[in-house]
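Derivation of every value follows stated rules applied to the coordinates shown; laboratory data play no part. Quick caveat: nothing in here was measured; it's all calculated off a predicted structure.
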Amino acid sequence: MRFLIKRNAEHFNDRYYLFVILYYLLSCGTSVPHTEVGMVRAVRGATTVARDDAEEITEVTQEMLAELVRLNELENDDLVDIIFTVTPDITKMFPAKAARMMGFSDVPLLDMAAPEIEGALKMCIRVMVHFNTDKKNTELKHVYLRGARVLRPDIVKGSHE
């Protein structure tokens with residue numbers, strides 16, 4: 001880690017390098033520092049749409065977020081950010097817009113395109129929600145709905161049905 005910081009010290013203000021350093025810390029099992037209300041944790045979710053339609057993208061995105069909020073007892077003030085990815089076949093609307101329509105106006109939101117991977121699930125919206133909590137990772141509830149249930153059968157088995 002010292003090498004990474006020292007080597008890139010002249011670029012340290014560059015957001016990309018900050019992201020790389022954060023990714024490195026997280027991938028090495030180093031936890032993000034404690035906050036006043038605990039640790040920064042993340043929950044994952046995914047869902048699918050039947051067609052590339054703005055109304056359906058809004059509906060399924062809001063359904064997925066509502067379920068994540070409900071199951072993990074999330075409060076808006078605890079949210080750090082929400083990152084969405086969409087498969088290349090979803091082009092009619094950003095999921096972040098659906099989140100804003102739910103009232104997530106104070107939370108940084110980011111939409112990203114998922115890479116096109118042969119054999120990957122199509123028409124899929126994925127989300128990662130970072131938030132402050134006292135809960136342990138084992139207490140967090142991830143949500144895989146609709147066609148995305150096939151992505152993590154170990155998680156949806158017996159729940160979210």
Amide H partners (placed H, <5 Å) of Tyr144, local residues excluded: Ala46
Cα Rg over Rh - segment 37-156, Kirkwood: 0.95
Those aspartates and glutamates that a straight Cα-Cα span of less than 14 Å connects to Lys135, excepting residues fewer than 8 apart in one chain: Glu36, Glu73, Glu75, Asp78
